[in-house]
Amino acid sequence: MKKSIFFIPFSLLVLSLVFTSCGPSKKLVASRAWVNQLQMDSADTHNQLNECNSLVKTLRNDKSSLEDQKTNLQNQNTSVHNDLNELSASSKMTIDDQAKRLINLQNIIQSQKDMMNKLKNTVSEALLKYKTDQLSVYIKDGNVYISLQEKLLFKSGSDVVDPMGKAALQTLAQVLNGTNDISVTIEGHTDNVPIKTVQFKDNWDLSTARANSIVRILTNENGFDPKRITASGKGEFKTIKPNDTAEGRAANRRTEVILSPNLTELYKLLEQ
């Protein structure tokens with residue numbers, strides 16, 4: 001009985017110590033967890049502050065750059081404005097002067113068009129007896145073209161002008177000798193069939209030789225001014241039709257007499 005009475009207080013004391021020791025242990029764990037959370041929150045806040053500072057620095061740099069660009073743009077606008085003022089001040093030509101110059105240019109151009117149209121008609125009438133498959137006369141890029149087919153001028157692979165071709169060139173020379181301020185270019189052309197003979201190495205040779213033959217007939221035999229004429233050979237490289245048919249190749253074998261107006265007066269007016 002005494003043992004039972006003694007055991008109960010002892011048990012209560014042990015339980016009291018146990019509970020007393022458990023209480024502070026839970027608070028400590030909770031405190032440590034709270035401290036850890038505060039440290040994490042502090043680190044996050046510090047990182048965010050660094051990001052904000054970096055953003056502020058970037059924004060300041062951007063602002064400075066924009067201000068520099070604005071200053072440069074203002075300077076450029078000022079420079080352009082000054083250039084325009086200088087250009088306006090340096091230009092002494094009035095609106096009336098510009099209008100007169102434009103009228104003069106138009107008159108010169110129209111006069112040349114009329115002259116070339118008249119020349120084209122004169123040449124066409126002079127060569128009227130020749131068939132369209134022998135020659136053609138037309139205007140292109142402000143120039144008069146007389147396109148003479150091979151069948152009218154030459155035998156195949158030859159640069160010797162046939163009598164019928166000479167007659168046509170003599171008629172043409174009579175018209176050209178009555179013109180002023182007209183330059184003449186003779187262009188020889190071939191098809192793409194290769195040629196290689198003792199006399200001609202290739203189509204370049206043949207086309208140039210044919211152009212030279214016509215130049216000699218117009219100048220040496222018919223009195224045209226040699227200072228106003230030029231010979232050139234284009235070979236097979238300036239076709240008017242595809243070379244894949246006999247008809248196309250025949251059309252490409254031609255010699256063109258190109259009549260060009262004197263543009264000196266026009267150039268002088270443009271340089272003013």
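The values are calculated or read from the model by the stated rules, or taken from the named source; none is laboratory data. For clarity, every value in this text was computed on a predicted model and none was experimentally measured. FYI the Cβ positions are ideal-geometry reconstructions off the backbone, even for glycines, and counts take in every protein chain you see.
Taking each residue of region 120-132 that is closer than 14 Å to L169 by Cβ and looking for partners that are hydroxyl-bearing (S, T, Y) with beta-carbon atoms closer than 8 Å, six or more apart or interchain, yields A126/T171; L127/T171.
The residues on offer are L218, L206, L266, and the sole one that is in a helix (DSSP H, G or I), at pLDDT below 95, aliphatic (A, V, I, L, M) and assigned by TED's automatic domain parsing to the domain that holds Q149 is L266.
For (1) farther than 21 Å from S136 by Cβ; (2) basic (K, R); (3) surrounded by fewer than 20 Cβ atoms within 10 Å (Cβ to Cβ), each residue gets a yes or a no:
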{"position": "V198", "(1), (2), (3)": "yes, no, yes"}
{"position": "A209", "(1), (2), (3)": "yes, no, yes"}
{"position": "N220", "(1), (2), (3)": "yes, no, yes"}
{"position": "R228", "(1), (2), (3)": "yes, yes, yes"}
{"position": "E236", "(1), (2), (3)": "no, no, no"}
{"position": "T245", "(1), (2), (3)": "no, no, yes"}
{"position": "G248", "(1), (2), (3)": "no, no, yes"}
{"position": "R254", "(1), (2), (3)": "no, yes, no"}
{"position": "I258", "(1), (2), (3)": "no, no, yes"}
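Of all residues in region 180-228, exactly one satisfies the criterion of being touching a residue at least 40 places away in the same chain (Cβ under 8 Å), of a type in the set (F, W, Y) and more than 22 Å from L135 (Cβ to Cβ), namely F200. If the condition is being surrounded by 10 or more Cβ atoms within 10 Å (Cβ to Cβ), over 30 Å from L263 (Cα atoms) and modelled with pLDDT under 65, then region 81-106 contributes D83, L84, N85, E86. The listed residues are V123, V137, and the only one of them that is in a strand (DSSP E or B) and not small (G, A, S) turns out to be V137. Scanning for something under 33 Å from the mean Cα position of the chain (by Cα), surrounded by 12 or more Cβ atoms within 10 Å (Cβ to Cβ), at pLDDT below 80 and not aromatic (F, W, Y), does region 134-154 turn up at least one residue? The answer is no; no qualifying residue exists.
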